[in-house]
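The numbers here are math on the coordinates, done by the rules we state, and not lab data. Model, not experiment: these values are computed from the prediction. Positions of Cβ are generated from backbone atoms using ideal geometry, with glycine treated the same way; all protein chains shown enter the neighbour counts.
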Amino acid sequence: MKNNTSQKILDYISKASDTSGTAPHELVDFLDIGERAVFKQLKKLYEEGKIDKIGRPPKVFYFIEKKEKPQQSFKISPKVEKIIEKNYLIITPRGERKEGMEGFVYWCGKNNLPVEKTALEYERTFKKYAKYKRAGFIDGTGKLKNTFGKVFLNKLFYLDFYSIERFGKTKLGSLLLYAKQSQNKTLIKELIEIFKGKIEGFIKKYAIKAVAFVPPTVDRKVQLMRELEKNLKLALPKISIGKIKTELIVPQKTLNKLEDRIENARKTFFVDEARKFGNVVLIDDAVGSGSTMNEIGAKIKEKGVCQRKLYGLSITGSFKGFEVISEV
């Protein structure tokens with residue numbers, strides 16, 4: 001009876017696999033059996049790997065994954081495999097998270113690339129960008145100096161680049177993008193945990209006396225920067241940075257000209273602080289052109305809030321001088 005029911009479910013789902021999948025209530029109507037019995041069968045088939053699913057309760061849809069063309073055989077050295085396992089992440093168009101070799105092989109298959117040769121190219125590219133990282137941070141100060149006539153941050157650091165050539169977004173870049181766009185609290189929490197260990201060491205190393213957070217400029221129900229600020233729980237005074245509410249809000253990421261980004265940051269951010277501190281850190285989630293960081297830094301310095309050195313710290317940053325990260 002059970003086997004017969006399972007086969008009927010497989011037959012029914014297979015007909016819908018190329019469309020939007022099958023909802024459990026469809027199977028209840030089709031089989032004319034109880035909901036609990038249907039869910040029991042679906043759970044068993046899913047655990048056996050015969051069906052897949054997408055969505056979250058109560059909106060879950062089941063489907064049978066199309067078998068992709070088998071990937072060519074390949075042999076990768078343990079050293080290269082370790083780099084890929086630790087650093088590669090891709091989010092599929094369907095919203096699946098694939099990490100390490102699984103994600104890399106998937107990406108190669110999607111782009112008709114030989115895994116073995118492409119893995120060696122990834123290693124070379126990864127090492128090229130990794131050399132910029134020292135003690136867990138990338139120094140982006142030179143990027144600011146090459147972009148702006150006057151730089152108000154003494155130093156700018158990020159944990160990683162947002163993307164690298166050919167291979168696209170880094171692991172942190174992907175986590176940041178999808179955490180913000182989907183407002184996924186699980187991904188946001190993961191990012192915060194990564195950042196938390198780094199910021200604590202940073203505060204100690206640079207004798208930070210106060211912290212400021214760049215406020216979000218795009219209206220979202222769940223704001224990554226607010227969550228970051230709330231969950232870091234830093235035992236430091238917080239400098240209040242505000243965003244002026246205008247009738248028409250123009251997010252920085254929509255501006256492609258440097259002068260427009262500078263004007264936007266200069267005219268719409270304000271520092272509401274009368275206290276004086278020694279070393280200060282200004283935190284953001286991503287640094288594209290650096291306009292926001294630099295202009296807020298100018299206001300912090302002009303008001304005399306920072307009496308010594310002002311540091312910028314971000315989860316990710318772009319590699320080149322004037323480069324816009326418009327996705328986040």
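Highest GNM mean-square fluctuation, the chain, Cα pairs closer than 10 Å: which of Leu236, Leu31, Leu172?
Of the options given, Leu31 has the highest mean-square fluctuation.
Going by Cα centres, region 1-63 and region 157-221 are how many Å apart?
Spelled out, the Cα-based centre of one part sits 38 Å from the other.
Work out how much length Glu327 to Glu65 would gain on full extension: take 0.36 nm times their residue separation and subtract the Cα-Cα distance, in nm to one decimal. Each step should come with its number before you reach the end.
Values: separation 262, 0.36 × 262 = 94.32 nm, distance 2.95 nm.
That pair, Glu327 and Glu65, stretches by 91.4 nm at full extension.
Is any residue of region 129-165 close enough, with backbone N under 17 Å, to a label point placed 7 angstrom from the Cα of Arg220 along the Cα-Cβ axis, and if so, which?
In region 129-165, the label zone of Arg220 (backbone N under 17 Å from the point 7 Å along Cα→Cβ) covers 162-163.
Which net charge results for the neighbourhood of Arg261, defined as the other residues with beta-carbon distances under 13 angstrom from its beta-carbon, given Lys and Arg at +1 and Asp and Glu at -1?
On the way: positive: Lys253, Lys257, Arg266, Lys267; negative: Glu259, Asp260, Glu263, Glu295, Glu323.
So the surrounding residues net to -1.
What's the Cα-based Rg to Rh of the chain, Rh via Kirkwood?
Numbers: Rg = 24.2 Å, Rh = 22.7 Å.
Reported Rg/Rh, Kirkwood definition of Rh: 1.07.
Viscosity 1.567 mPa s, temperature 4 °C: give me the Stokes-Einstein translational D for region 78-130 in µm²/s, with Rh taken as the Kirkwood radius over C-alpha pairs. If you can, show how the numbers build up before the last one.
Working: Rh = 11.2 Å.
Approximately 115 µm²/s, per Stokes-Einstein.
Based on the alpha-carbon gyration tensor of region 2-63 and its eigenvalue square roots a ≥ b ≥ c, which shape applies: rounded if a/c is under 1.5, prolate if not and a/b is larger than b/c, or oblate?
Details: a/c = 1.27, a/b = 1.19, b/c = 1.06.
Rounded is the answer for region 2-63, as its axis ratio a/c remains below 1.5.
Rounded, prolate or oblate: which fits region 148-248 when a ≥ b ≥ c are the square roots of the eigenvalues of the alpha-carbon gyration tensor, with rounded for a/c under 1.5 and prolate only if a/b beats b/c?
Rounded, because the longest to shortest axis ratio a/c is under 1.5.
When ranked by the protection proxy of mean other Cβ atoms within 10 Å per residue, highest first, what sequence do the peptides 195-205, 273-283 form? Spell out each step's value before the answer.
Details: 195-205: 15.0, 273-283: 18.5.
Packing order, densest peptide first, comes out as 273-283, 195-205.
Give me, ordered by chain and number, the residues 5 or more places off Thr170 or on other chains with an amide H under 5 Å from its own placed amide H.
Sorted by chain and number, the residues that satisfy this are Ser163, Ile164.
Give the Kirkwood hydrodynamic radius (Å, one decimal) of region 220-294, defined as one over the mean of 1/r across all pairs of different Cα atoms. Provide the component values of the computation, followed by the final result.
Numbers: mean 1/r = 0.0701 Å⁻¹.
Value: 14.3 Å, from the Cα pair sum.
Please find the FRET efficiency linking Lys309 to Glu102, where r is the Cβ-Cβ separation and R0 is fixed at 35 Å, and quote it to the nearest 0.05. All intermediate terms of the calculation are to be shown ahead of the outcome.
On the way: r = 43 Å, r/R0 = 1.24.
In this case the efficiency is close to 0.20.
What does the highest-first list of 309-315, 88-94, 211-217 look like by mean Cβ count within 10 Å?
Working: 309-315: 24.3, 88-94: 15.0, 211-217: 20.6.
Per-residue Cβ counts within 10 Å, averaged per peptide and sorted highest first, yield 309-315, 211-217, 88-94.
Given labels modelled 7 Å from the Cα in the Cβ direction, how far is it in nm from Lys230 to Arg36?
Each label point lies 7 Å from its Cα, and together they span 3.8 nm.
When you count, for each residue, the other Cβ atoms within 10 Å and take the mean per peptide, how do 241-248, 146-153, 124-131 rank with the highest first? Please list the in-between numbers first.
Values: 241-248: 9.6, 146-153: 16.5, 124-131: 12.9.
Order by mean packing, descending: 146-153, 124-131, 241-248.
Can you give me the distance in nm between label points at Lys150 and Lys196, each placed 7 Å from the Cα along the Cα-to-Cβ direction?
The two pseudo-label positions are separated by 4.0 nm.
State whether region 245-328 is rounded, prolate or oblate according to the following rule on the C-alpha gyration tensor (a ≥ b ≥ c being the square roots of its eigenvalues): a/c under 1.5 gives rounded; otherwise a/b larger than b/c gives prolate, and the remaining case gives oblate. The partial results should precede the final answer.
Numbers: a/c = 2.27, a/b = 1.40, b/c = 1.62.
Judged from the Cα gyration tensor, region 245-328 comes out oblate (a/c at least 1.5, b/c at or above a/b).
Can you check what the net charge comes to around Glu327, using other residues whose Cβ is under 13 Å from the Cβ of Glu327 (Lys, Arg +1; Asp, Glu -1)? Write down the numbers at each step before the final one.
Values: positive: Lys169, Lys180, Lys253; negative: Asp285, Glu323.
Result for the neighbourhood of Glu327: +1.
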